[in-house]
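*Asks:* Shown below is the structure under consideration.
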Amino acid sequence: MYFCDTPTRKLYSFNYPKEVGGKLTNRRLVWTMPSNLPGGPDGAQVDAAGFIWMALSGAGRVIRVDPSTGKVDVVVHLPAKCPTSCTFGGEDLDTLFITTRGPDGGGVFRVKLPFGIKGLPEPCFKVLDNIDSNEN
């Protein structure tokens, strides 16, 4: 599991527990936002190759980070200063949708990814049948 810690400008990785009620363990620093860029890391998504796509709110871009090295290999520059998150879509999951906020944002941008880069399908939400609807 990945966590964008906006105030510290860092991206961390954790081991995710398989058991209900388990705790995150083994925190590892993946990437630190360079001091020459304004803002901080915000919403993120993982592609089919395991790379992390992360909105840099305040810096007007979305980047792709290799979690094994922390190196940035793709940068998407935006006409809005504050991207907030990104997700994959399109028939082949090869389009990146980017949400934005702020006076020059408040919209959604669509970017065709470089050849061969694709997202992962989102898991479906499952409603448990054994939940008592009368409980508060």
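The values are calculated or read from the model by the stated rules, or taken from the named source; none is laboratory data. This one's a predicted model, so the numbers in the text were calculated from it and none came from an experiment. Cβ atoms come from the backbone with ideal geometry, glycine included; neighbour counts cover every protein chain shown. Accessible surface areas use protein heavy atoms only, side chains included; no ligands, DNA or RNA. Shrake-Rupley method; radii C 1.70, N 1.55, O 1.52, S 1.80 Å.
*Asks:* Rounded, prolate or oblate: which fits the stretch 36-79, taking a ≥ b ≥ c as square roots of the Cα gyration tensor eigenvalues, rounded meaning a/c under 1.5, else prolate when a/b beats b/c?
*Replies:* prolate
*Asks:* Next question, about the same structure. Carbon and sulfur: what percent of the chain's accessible surface (1.4 Å probe)?
*Replies:* Solvent-exposed carbon and sulfur of the chain make up 54 percent of the total.
*Asks:* While we're looking at this one, here's another question. Per residue, what accessible area does the chain have, given a 1.4 Å probe and all protein chains present, in Å²?
*Replies:* 64 Å²
*Asks:* Rounded if a/c is under 1.5, else prolate if a/b is larger than b/c, else oblate: which is the stretch 1-81, with a ≥ b ≥ c the root eigenvalues of its Cα gyration tensor?
*Replies:* prolate
*Asks:* Determine the dipole magnitude for the chain: charges of +1 sit on the beta-carbon of Lys and Arg, -1 on that of Asp and Glu, nothing else is charged, the reference point is the Cα centre, and the result goes in debye to the nearest 20.
*Replies:* The dipole magnitude comes to about 640 debye.
*Asks:* While we're here: For the stretch 1-96, build the charge dipole from Cβ charges (+1 Lys, Arg; -1 Asp, Glu) around the Cα centre, then report which of LEU78, LEU56, LEU29 sits farthest towards its positive end.
*Replies:* Positive-most Cα among the choices belongs to LEU29.
*Asks:* Among ARG28, ARG61, ARG110, which one shows the highest mean-square fluctuation when the chain is modelled as a Gaussian network with alpha-carbon springs under 10 Å?
*Replies:* Of ARG28, ARG61, ARG110, the most mobile in the Gaussian network model is ARG28.
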